[in-house]
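One structure below.
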Amino acid sequence: MTDITITLKDFRACGVCTHSKHWFTQHGLDWRAFVSQGLPLSTFRATGDQETLIDRLELAARKRLATPKRQVTGYKHTKESHAKLLKSIRASKGLAD
């Protein structure tokens, strides 16, 4: 079984203050590593602290992992494409260029 990575997105999904650097320092965890790449769930569990919150973080991470990522294909945003879109919107509303 692989360990789930808890990320800053999971903290935000649970409404956890993202200025929790003090808690990380208090438990000997690397705040910068967490912010940049997340930390394994087992690292949080090993603290023995905030079990209810860690359960919520795990649920948020599982939900994040189960949600398919949106894929946008075949479209590259350029100044020209943006101008063309605006022109077509103006034309559909009867506005002058």
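Structure values in brief
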quantity: Every residue from region 15-34 that is surrounded by 14 or more Cβ atoms within 10 Å (Cβ to Cβ) and either under 19 Å from K63 (Cα atoms) or aromatic (F, W, Y) (or both); calculated: V16, W23, F24, W31, F34
quantity: Candidates G48, G74 - the one that is exposed (fewer than 10 other Cβ atoms within 10 Å of the Cβ) and modelled with pLDDT of 85 or more; calculated: G48
quantity: S88 vs. criteria polar (S, T, N, Q) and modelled with pLDDT of 90 or more; calculated: no
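The values are calculated or read from the model by the stated rules, or taken from the named source; none is laboratory data. Everything numeric here is computed off the predicted structure, so don't read it as measured data. Methodologically, a virtual Cβ is constructed for each residue, glycine included, from the backbone with ideal geometry; neighbour enumeration extends over all protein chains shown.
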